[in-house]
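See structure below.
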Amino acid sequence: MAELRHATAAAAATHASSSPAKRDAESVSASSPLVASSSPRGGGGGGGDGKDGAPRSSSAPHLHHQRYRLPSPVRSLLALEDPRSPSASASYRILVAVVACLVVAALVSAPSVWSRLNAPYLCRKDGIRLHCPRVNERDSLWENPHAAAASWKPCAERRSDEISDLAPENETSGYIFIHAEGGLNQQRIAICNAVAIAKIMSATLILPVLKQDQIWKDQTKFEDIFDVDYFINSLKDDVRIIRDIPEWFTEKDELFTSIKRTVKNIPKYASAQFYIDNVLPRIKEKKIMSIKPFVDRLGYDNVPTEINRLRCRVNYHALKFLPEIEEMADKLATRMRNRTGNVNPYMALHLRFEKGMVGLSFCDFAGTREEKAMMADYRQKQWPRRYKNGSHLWPLALEKRKEGRCPLEPGEIGIILRAMGYTKETQIYVASGQVYGGSNRMAPLRNMFPNLVTKEDLASKEEIEHFKKHVTSLAALDFLVCLKSDVFVMTHGGNFAKLIIGFRRYMGRHRLKSIKPDKGLMSKFFGDPYVPWATFVEDVMITHQKRTGLPESTFPHYDLWENPLTPCMCRA
């Protein structure tokens, strides 16, 4: 008891001698949750307080190891130190200043951070939809900004003072007959070439037959699609053309089947001299010969200039569609411009993404495993030599994508058009076959551009039914509506796009835009999901500044149908 009384008295004396500030600090230390308790509740155990729970002396050496070491400014802010002390006051002001700077910086950067977190770099994919940033329509979207620099005019027609060099009928070297194969535009090129080689050999041309193709499966005749009388009369001073095989020739079946009546093994892009040396002697011998195959069997830079000019004359002047096709195309173009009640410009989009084109490209496209497996089977069946075992196709597909040799998907061309500045309100006429993947594949493009229509949307069922008898007639409608558009956009190569761009260049439509996207540049961006939208837009605009359909200087092995400048156009 004496020891207990002595300990109690010593503790009381200690408290009595402590200053008020020290007692306040000790009181805070005892009650603050950020300071370790001096002993477990209930006491007891080695090194603990006395049984009565009296606190330890503040001078205990191990007490500092039990406290949480916080910086002085924080301790001051949390009232762990007396704010009246000079050091605490200065630290408090520094802390407040730092916190204020952090708050201001956060407020300033918040919108930018929020937009980067929520806005897509290119476009955000939501299921089968693509959401791209909104853009403002630019004034130059519907005009060719470089058209003023193009001072060219068409000059492939015969001049009034030009004397015909056509030989008399009885002096013809013979008759030639060709099958124009493929789709409408491939057939159109074959017809132009047939007139040209007839001129080269001073032969008489029998009206070409539009051969049924395995893909198109069409039985259209020349007279079902083109104005025959206009065609023959337009070229009467250049080449003699007759409607049918001469009556005196009684072996008509041989003209289609007999090797003796067929000229084969003509190389692609053959020269004019090749026909004179190798084909003309056989025509003179047999009088009537058929030539097959006849796809790209005449070159461009290895024939006389007047022959190239004649081909342009056939393509741009002599080959006219039937009046009923022309009239229907005019109606469709007018309806496109008046869909909103006001006269608006419209874009024509040639979307090449049919199953055959996707398969033939041997490129890789987004899709499910089932789709990819079905496409692999299709390629193996259609092109077994190219497919082999399929192991080499993946690196080949990557290489082709980088080089810009793959067709653009509907969603990809939609992103490009949006980057160029075309808005959701843009009126778009789509010319295409059956898109591979159907509505799901078209959904991203349709979501970005809901005013997307085809000829079936613009015309009544009765109007279209009349043209369904011939697949080529439907293709002719697409051709003319694209030709009349304010802006024409292609997604991949092919005769259709080449002929449209060439036609627009020749007839002065180069003053309006014909856009040929840089697919190689696009593949680079589509492969990098972190490219900022602003960077993408800037590169698209710069790259496509001069890809707007102006006539271009020719070069060796150029394509006459896409760029008819040198032989067919003159300075205005």
- Note on the structure: Taking a straight Cα-to-Cα line shorter than 13 Å from residue 388, and setting aside same-chain aspartates and glutamates fewer than 8 residues away, one finds 377
- With every protein chain in place, the accessible area of residue 142 for a 1.4 Å probe, in Å² rounded to the nearest 10, comes to 40
- Query: Leaving out ligands, DNA and RNA but keeping every protein chain, what accessible area does residue 249 have, in Å² rounded to the nearest 10, with a 1.4 Å probe?
  - Reply: 10
- Item | Value of relative contact order over segment 221-292, rounded to a whole percent, pairs C-alpha under 8 Å and six or more apart | 29
- Taking Cα pairs closer than 8 Å and at least 6 residues apart, the relative contact order of segment 187-270 in percent is 27
- If you take all C-alpha pairs in segment 273-398, what percent of them are over 17 Å apart? 78
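May I ask you to rank 518, 301 by accessible area, largest first, using a 1.4 Å probe over the protein chains only?
301, 518
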- Message: If I ignore ligands, DNA and RNA and count only protein heavy atoms, how much of residue 526 is accessible to a 1.4 Å probe, in Å² to the nearest 10?
- Response: 60
- Task: Treating cross-link reach as a plain straight distance, find the aspartates and glutamates whose alpha-carbon is under 14 Å from the alpha-carbon of residue 372, omitting any fewer than eight places away in the same chain.
- Result: 364
- Item | Distribution of pairwise C-alpha distances over segment 175-317, 5 Å bins, in % | 2, 10, 20, 25, 22, 15, 6, 0
- Task: Check each of the trypsin sites (Lys or Arg not before Pro) in segment 428-503 and keep only those in coil by DSSP with at most 11 other C-beta atoms within 10 angstrom; list them in order.
- Result: 468
- Task: For segment 252-339, restrict the atom set to alpha-carbon positions and state the Rg and Dmax in Å.
- Result: 19.2, 60
- If you take the beta carbon distance between residue 534 and residue 151 as r and set R0 to 45 Å, what does 1/(1 + (r/R0)^6) give as a FRET efficiency, to the nearest 0.05? 0.80
- Solvent-accessible surface ranking, highest first, for 256, 503 at 1.4 angstrom: 256, 503
- Item | Accessible heavy-atom area order of 378, 422, 230, highest first, probe of 1.4 Å | 230, 378, 422
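Tell me the trypsin sites (Lys or Arg not before Pro) within segment 316-351 that lie in a loop according to DSSP and have at most 12 other beta-carbon atoms within 10 Å.
Filter output for segment 316-351: empty list.
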- Partners for residue 513 among lysines (Cα-Cα distance below 18 Å; same-chain residues under 8 apart left out): 153, 484, 498, 546
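So which GluC sites (Glu not before Pro) in segment 368-440 pass both tests, a DSSP loop state and at most 14 other Cβ atoms within 10 Å of the Cβ?
Sites meeting the loop and neighbour criteria: 403, 425.
The values are calculated or read from the model by the stated rules, or taken from the named source; none is laboratory data. It should be emphasised that the depicted structure is a prediction, and the values quoted were computed from it without experimental measurement. Heads up, the Cβs are rebuilt from the backbone with ideal geometry, glycines too, and the neighbour counts pull from every protein chain shown. Areas reflect the complete protein model, heavy atoms only, side chains present, ligands, DNA and RNA absent. Shrake-Rupley method; radii C 1.70, N 1.55, O 1.52, S 1.80 Å.
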